[in-house]
Structures are given as C-alpha cells and as structure tokens.
Amino acid sequence: MDLTVWARELAASLLAEPLPRRWAHSQGVAARAGSLAGLLGKDSELLWAAAVLHDIGYTPSLAATGFHPLDGARYLRDQTAADERLVRLVANHSCAVLEAKERGLREQLEDEFPLLDHPALVDALAYCDMTTTPDGEPTTVDARLAEILGRYGVDSIVGRFIRRAEPELRAAVHRVEVRLASVGK
C-alpha cells in the first residue's frame, strides 16, 4: 500500500472520531506538506505521512505518558510496520525534545527516538505544523505561536515549552520559506 494512503487511513482511524479538530489540523499540516514536494523530492511522501500522523499521540487510547510525540511514536513503532524515519519524525516534531525536557521525558525520547539526521525534513515538518491552525487552515508562525500560548497559557508546560522553542521554530519556518522562495525564482 502507498505510504500516504496508509498514513491517512491510520490517522483518520485514530483522530477523526475522538478528536475531529485535531484531525482537521493534521489534514491541514499534511496539505502544507504537499506544497513542499518540490523541495524534498523523494522524501516528500515521508514528510506527508509524518505530517498527517504527527498528532496521533493525542488519541485517548494511545495517551500513555500524556506527551503526544512520544505516545504517537511508540504506537507507530510497536503497533505498525512504520519506517523508522517516519517514527522519528513524529517523535521529534516541532522541537518536541524541549517539551520532553519540561515533562521529565527528554532522556526517554532521545534514547528511543534519536532526532533524524535530515535537517531539511525536520524543518519542513516544523514549518507545516507551525503554519497551520488547529482547524487546519494556513496561518503565520506568529499567529500560530500566539494561538498556542493563548490556548495553554504562558505558565503551563506547553506555554513554557513554546517560549523556549520559539526561536528555533521561527528559524525552521524561515529556513523553509527561504528555500521556497529560491525554488520559485
């Protein structure tokens, strides 16, 4: 089965009913990933699959630690035949290691799922996530970061993580935007 078809069906089965807004976000992140196909060549399907699956760890039946990147990656590793690179992208999406530190899970995340040594893919997934609203619509990184802080609060675990990750998330988005601009010339 095609990777993108498999990933979409799996994400839909895990998110569509219990978390329809999260499913809308994941579909929007995947649409963004589709727009980057020209940048990533043969890795574009891998990015798309990671984009649609990146938030499956929010699914109540998978939420063992309460840290969705780790829970989603563990499910993909333990319950599916997912490619290791896909699992590692899901585990580490959008600077997840910094939130893992806030939650006391950094060592587990790094030991089980080392950051993928493919900066363009890692940046691309952060770009897709950080430029998509919770409802799946395109947005700016500024608006997305403000929305996350507003939703969770600046002093929450997520708020502290986002404030710590903000420079790197902005840099990742910028790097992708520069690459997009150079392709368009």
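The values are calculated or read from the model by the stated rules, or taken from the named source; none is laboratory data. Computed from a predicted model, the values in this text were never measured in an experiment. All Cβ positions, glycine included, derive from the backbone under ideal geometry; neighbour counts span all protein chains shown. Protein only, heavy atoms only, side chains kept; ligands, DNA and RNA dropped before computing areas. Shrake-Rupley method; radii C 1.70, N 1.55, O 1.52, S 1.80 Å.
Values for this structure:
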| read-out | value |
| --- | --- |
| Pick from segment 15-71, criterion of a type in the set (K, R) and more than 23 Å from S156 (Cβ to Cβ), ranking: modelled with the lowest pLDDT | K42 |
| Subset of segment 74-102 (residues that are open to solvent by 20 Å² or more (accessible area, probe 1.4 Å), outside any helix (DSSP H, G or I) and farther than 20 Å from L14 by Cα) | C95 |
| Options I162, I157; residue that is farther than 26 Å from A12 by Cα and either in contact with a Gly (Cβ under 6 Å, 6 or more places away or on another chain) or buried (at least 20 other Cβ atoms within 10 Å of the Cβ) (or both) | I162 |
| Cβ pairs under 6 Å, 6+ apart, first in segment 67-79 and among the aromatic types (F, W, Y), second not in a helix (DSSP H, G or I) | F67/R103; F67/L105; Y75/L62 |
| Checklist (1) open to solvent by 40 Å² or more (accessible area, probe 1.4 Å); (2) touching a residue at least 24 places away in the same chain (Cβ under 8 Å); (3) of a type outside the set (K, R); (4) under 26 Å from L15 (Cα atoms) applied to L116, failing item | (1) |
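Table: residues versus (1) over 28 Å from R103 (Cα atoms); (2) touching a Lys or Arg at 6+ places or on another chain (Cβ under 9 Å); (3) among the hydroxyl-bearing types (S, T, Y).
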site	(1), (2), (3)
T4	yes, no, yes
L19	no, no, no
A31	yes, no, no
H54	no, no, no
F67	no, yes, no
